[in-house]
1. At most 14 other C-beta atoms within 10 Å and a DSSP loop state: those are the exposed GluC sites (Glu not before Pro) I care about. Give me the longest piece of the chain that has none.
2. Could you give the accessible area per residue of region 18-108, probe 1.4 Å, as a whole number in Å²?
3. Debye sum, Cα scatterers, the chain, no solvent: what log₁₀ I/I(0) at q = 0.09, 0.18 1/Å?
4. At q = 0.17, 0.24 Å⁻¹, what log₁₀ I(q)/I(0) does a Debye calculation on the Cα points of region 96-173 give, no solvent, two decimals?
5. Can you pull out the trypsin sites (Lys or Arg not before Pro) in region 16-106 whose DSSP state is coil and whose Cβ has at most 10 other Cβ atoms within 10 Å?
6. For Leu116 and Asn166 in the same chain, what is the full-extension length gain: residue separation times 0.36 nm, less their Cα-Cα distance, in nm?
7. Along the Cα→Cβ direction, 7 angstrom out, place labels at Val77 and Thr38. What is the inter-label distance in nm?
8. Ignoring everything except DSSP H segments at least 4 long, calculate the 222 nm mean residue ellipticity for the chain; use -39,500 (n - 2.57) per segment, divide by total residues, nearest 500.
Amino acid sequence: MKGIVFTEFLDLVEEKFGLETVEEIISKSELESDGIYTAVGTYKFTEMVSLLTNLSSLTNVSINDLLKTYGLHFFDVLVRNYKGILNMYKTPLDLLASIDNHIHVEVKKLYPDAELPYFETTEQTDSKLVLIYHSSRAMYAFAHGLMEKTFAYYNQNAEINYKLINDDGTKVK
C-alpha cells in the first residue's frame with residue numbers, strides 16, 4: 001500500500017483525535033515500519049489494518065465509519081494534487097464511471113506497484129451509476145467516502161447505496 005495512504009491517514013487521525021491518539025495507535029500496533037512513513041514508500045496493508053483496528057478500539061468508532069471518514073478526507077488530497085484530472089469531467093457520474101479506465105491508469109503511471117481496487121460499471125444513465133467494487137482489501141467504506149465527496153465537489157446531491165455481494169466486503173455493489 002502506498003505511503004501517501006498512511007501519511008494522510010495519520011494526518012486525519014491527528015486532526016480528528018489528536019497527536020496523542022496517533023502516538024497511541026502506533027505504539028499499540030506491531031508495525032514493521034515503526035510507524036514511519038513516506039508518501040512515496042510502499043508498506044504492508046496489514047499495517048493499515050492494525051492502525052485502523054487500534055483506532056477503532058480506542059475511539060469506539062467502527063472501522064467502516066473510520067474508513068468512510070478517511071475517504072472524505074482523502075478526496076481533499078486528490079483535489080489538492082490532481083485537480084486537473086477532476087476538472088476533465090463535467091459530472092460526478094462521469095468521473096466515477098472513469099475510475100478504472102482513466103483515474104487508476106494515471107495512478108499506475110505515478111505508482112506502478114500500487115494495488116488498486118477494480119470498479120466494474122454495470123449500469124450508467126444520466127442519473128444513475130451502478131458499480132461493482134472488487135478488492136481483497138475490503139475498503140469499500142473508503143470508496144463510499146470518496147464518492148460522497150465527489151458529488152459535493154460537483155455541487156450535486158446523491159443517494160449512495162451499497163450492498164455487500166461477498167460478506168467479507170471484497171465485492172460490493
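The values are calculated or read from the model by the stated rules, or taken from the named source; none is laboratory data. All values derive from a computational prediction rather than experimental measurement. Don't worry about glycine lacking a Cβ; one is built from the backbone with ideal geometry, like all the others, and counts go over all protein chains shown. For the accessible areas, the whole protein counts, side chains as well, though only heavy atoms, and no ligand, DNA or RNA atoms are used. Shrake-Rupley method; radii C 1.70, N 1.55, O 1.52, S 1.80 Å.
1. Values: sites that count: Glu30, Glu32, Glu115, Glu159.
Between exposed loop sites, the widest span is 33-114.
2. 54
3. Debye curve over Cα of the chain, log10 I(q)/I(0) at q = 0.09, 0.18 Å⁻¹: -0.31, -1.27.
4. One equal scatterer on each Cα of region 96-173 leads to -0.71, -1.30.
5. Taking region 16-106 and a limit of 10 other Cβ atoms within 10 Å, the loop trypsin sites (Lys or Arg not before Pro) found are Lys90.
6. This chain segment gains 16.2 nm when fully extended.
7. The modelled label-to-label distance comes out at 1.7 nm.
8. When only DSSP H runs of four or more count, the value is -16500 deg cm²/dmol.
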